[in-house]
Amino acid sequence: MHPFRRLNRRPARALLASFLAGLLLAGCTEGYAQPQAGEHPVQQTAVPARPSNVSLASGYPRQSGGVVAAGGADAVYNYGPSVMVDRGQTRMWWCSQYGGAGPAGDDILYAEARSANGPFTGPGGGIPAAVFSGAPGQFDGMHTCDPSVLRVGSTYYLYYTGAAGDHALGNAVGLATSADGIHWTRAAGGKPILGPSHDVHRANVYGAGQPSAVYLDGWFYLMFTDTTGRAAGPNGAGQFLLRSHDPAFGSGVQALDVGGFVPVASTSAPRARSVVDGFSADLMWVGALAAFVVAHETEGGTTLTFWTADFTDHPYQPVVIPGPWREGPGLVRRPDGHAPLSAADPCDRVPFDLVRATGLGGAGAPTDLRHFGLDLLGSQACANPGRVAATFDGVTAPSPERTMDLVRAGGRVRVDRRAVAAALAGEVLDRTPPAFATLPLTTRLRSGAEAVQAPDRGFAFVLDGHRWPVPGPAAVGDNGSTARPVPARQWDSYPAGASLVG
């Protein structure tokens, strides 16, 4: 049976029109970020409270002239993309199927381009490459689909839907890691990190899948579908959220509940709250708006639904990116899952770009990936220091001293080496926005600065007597430093500086 005829591998799309409602609403928030325990001594400036459901004007609509990506060989469908602007490239992973990739089932393809307008080609040119397929005998033995890719430091994380076959509630979420985004190794011992909660069994027997991940202030946020979730709709539609400091969600897991995030024993805890009544959605943090955005398909196109950082309120009214669609969108994001800045005006314009399937192929399955986008205007992203800190967090730009300034935890770290700043940043700007100067200069990372390494702690620079964690040994070596081994007690004795992991 063709994979798109299987009821349980993908949610029932015929019921999609019913997900125009279901948004939960509570109070408002004053902060823009969740603090990472023990890692942020630099005081963050709170974002002043502002009215809910603010209406922002939109402009500069755009779309590609045609299809930007498609699988080669015998691929008959292309959908569910994850799109990343990474070190000067636009990289994309999506769900398709190559008969020669083996086993018979969904594969995750990869291609890259200069922009979201494509054309996307495989590494080195040619057709997109099948970079991740099923592992026979495992939970994902037949299907790997619905990729969501992050890069945190030097590690790429692939969250995906896996299934061993075509049986009811057989879908679960898996995790793989990579050093280059192309060659992947299964994490968590090849076991799923999340499965159906089995709160309620409905006619839609899809199970759990369609993950979307974001890294923010030391937390991995994971949004996903679970047709058995208690707060899902009658057709199984719903988007649930977990977060953890552990990318594999094996410990310290918190679930979004009616009152906010609460600790839970595991990823199978009851799904008490859904943030959007829909399938196949994507999540992104928008620093310029100090808000999360959930992109999900509605009748007129892709709707952008905004949430405050704690998911208690809608700071902005929904916005629709119009046009045809056949399957959920992939937002164009930074490696950490954050929104890229506007090159034209980062203090007022916020660009939203996405890629989505727009047609049906010969197999009656979604295909024809195309790019759509628009800008929201009047964001006032530089209205005060708190907004500036949120807008430019993780961004590096040239400093007045011909070095680089990297924004972390509400301040600037002056970095002598551009390559080091770029490796530690989520986004690199060639021109420095004037608003940078409103943020305090908190420390300087000089070439050859002292670095330490401790068991079960990792690597860090010692700057002004404080410990500033970095992703790994590559950042230390690129800085011309040598990590000095220290016992854990000595590592812990350093006052904590802001984390440079991200």
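The values are calculated or read from the model by the stated rules, or taken from the named source; none is laboratory data. Just so it is clear, the structure is predicted and the values come from calculations on it, not from any experiment. Backbone-built Cβ (ideal geometry, glycine too); neighbour counts: all protein chains shown. Accessible surface is based on the protein model in full, side chains and every heavy atom, while ligands, DNA and RNA are left aside. Shrake-Rupley method; radii C 1.70, N 1.55, O 1.52, S 1.80 Å.
Applying the set (1) in contact with a Gly (Cβ under 7 Å, 6 or more places away or on another chain); (2) surrounded by fewer than 24 Cβ atoms within 10 Å (Cβ to Cβ) to G102 leaves exactly one unmet item: (1). The residue pairs whose first member lies in the range 242-257 and is closer than 18 Å to P270 by Cβ and of a type in the set (S, T, N, Q), whose second member is outside any strand (DSSP E or B) and open to solvent by less than 30 Å² (accessible area, probe 1.4 Å), and whose beta carbons are closer than 6 Å, counting only pairs six or more residues apart or on different chains, are S244/V253. In the range 430-441, the residues that are farther than 19 Å from Q380 by Cα never reach a residue that is part of a loop (DSSP other than H, G, I, E, B) and open to solvent by 80 Å² or more (accessible area, probe 1.4 Å) with C-beta atoms less than 8 angstrom apart, at least six apart or across chains. Taken over the range 297-315, the residue count meeting the criterion of being open to solvent by less than 10 Å² (accessible area, probe 1.4 Å) and not in a loop (DSSP other than H, G, I, E, B) is 7. Contact map, the range 71-96: first residue closer than 13 Å to V332 by Cα, second residue among the hydroxyl-bearing types (S, T, Y), Cβ cut-off under 6 Å, separation 6 or more or different chains; pairs are S82/S148; T90/S115; W93/S82; W93/Y110. Quick check: is even one residue across the range 460-474 modelled with pLDDT under 95 and acidic (D, E)? No, the range 460-474 has no match at all. The set of residues in the range 379-399 being surrounded by fewer than 18 Cβ atoms within 10 Å (Cβ to Cβ) and either at pLDDT 95 or above or among the aromatic types (F, W, Y) (or both) consists of P398 alone.
The numbered conditions (1) buried (at least 16 other Cβ atoms within 10 Å of the Cβ); (2) at pLDDT 90 or above; (3) not polar (S, T, N, Q) are all true for G22 except (2). Looking across the range 366-394, just one residue is aliphatic (A, V, I, L, M), part of a loop (DSSP other than H, G, I, E, B) and either under 29 Å from F120 (Cα atoms) or in contact with a Lys or Arg (Cβ under 6 Å, 6 or more places away or on another chain) (or both), and that is A381. Checked across the range 366-378, the condition of being acidic (D, E), farther than 30 Å from G301 by Cα and open to solvent by 20 Å² or more (accessible area, probe 1.4 Å) holds for no residue. Here L283 passes the criteria (1) modelled with pLDDT under 95; (2) buried (at least 21 other Cβ atoms within 10 Å of the Cβ) except the one numbered (1). Inside the range 433-458, can you point out the residues that are open to solvent by 50 Å² or more (accessible area, probe 1.4 Å), at pLDDT 95 or above and assigned to a loop (DSSP other than H, G, I, E, B)? The answer is P440, R446, S447, E450. H198 falls short on exactly one of the conditions (1) open to solvent by less than 50 Å² (accessible area, probe 1.4 Å); (2) within 20 Å of G162 (Cα to Cα), and that condition is (1). Screening the range 459-480 for residues that are under 19 Å from D405 (Cα atoms) and assigned to a loop (DSSP other than H, G, I, E, B) and picking the one that is least open to solvent (accessible area, probe 1.4 Å) gives N479.
Residues are listed down the side, and each one gets a yes or a no for (1) small (G, A, S); (2) modelled with pLDDT under 95:
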position: I108; (1), (2): no, no
position: S115; (1), (2): yes, no
position: P123; (1), (2): no, yes
position: G134; (1), (2): yes, no
position: C145; (1), (2): no, no
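Please enumerate the residues belonging to the range 108-132 that are surrounded by fewer than 22 Cβ atoms within 10 Å (Cβ to Cβ) and not in a strand (DSSP E or B). Hits for the range 108-132 are R114, S115, N117, P119, G122, P123, G124, G125, G126, I127. Any idea which residue in the range 51-87 is modelled with the lowest pLDDT, counting only those that are open to solvent by 70 Å² or more (accessible area, probe 1.4 Å) and not in a strand (DSSP E or B)? For the range 51-87, the residue satisfying everything is P51. Out of all the residues in the range 214-241, which are open to solvent by 10 Å² or more (accessible area, probe 1.4 Å), within 29 Å of G394 (Cα to Cα) and assigned to a loop (DSSP other than H, G, I, E, B)? Within the range 214-241, D217 is the sole residue that qualifies.
When A188, A168, A176 are checked against the criterion of being on the phi < 0 side of the Ramachandran plot, surrounded by fewer than 23 Cβ atoms within 10 Å (Cβ to Cβ) and touching a residue at least 24 places away in the same chain (Cβ under 8 Å), a single residue qualifies: A168.
Annotation: D405 fulfils all but one of (1) surrounded by fewer than 24 Cβ atoms within 10 Å (Cβ to Cβ); (2) assigned to a strand (DSSP E or B); the unmet one is (1). Looking at the range 334-365, which of the residues that are in contact with a strand residue (DSSP E or B) (Cβ under 6 Å, 6 or more places away or on another chain), closer than 23 Å to L377 by Cβ and in a loop (DSSP other than H, G, I, E, B) is most open to solvent (accessible area, probe 1.4 Å)? Looking at the filtered set, the residue picked out is P340.
Exactly one residue among R418, R402 is basic (K, R), modelled with pLDDT under 95 and farther than 30 Å from S64 by Cα, and that residue is R402. None of A255, A248 is surrounded by fewer than 20 Cβ atoms within 10 Å (Cβ to Cβ) and either in a loop (DSSP other than H, G, I, E, B) or of a type outside the set (S, T, Y) (or both) except A248.
Each row is one residue, and each column tells you yes or no for (1) open to solvent by 10 Å² or more (accessible area, probe 1.4 Å); (2) over 17 Å from T225 (Cα atoms); (3) not in a strand (DSSP E or B).
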residue	(1), (2), (3)
R243	yes, no, no
S268	yes, no, yes
G278	no, no, yes
I321	no, yes, no
V332	yes, yes, no
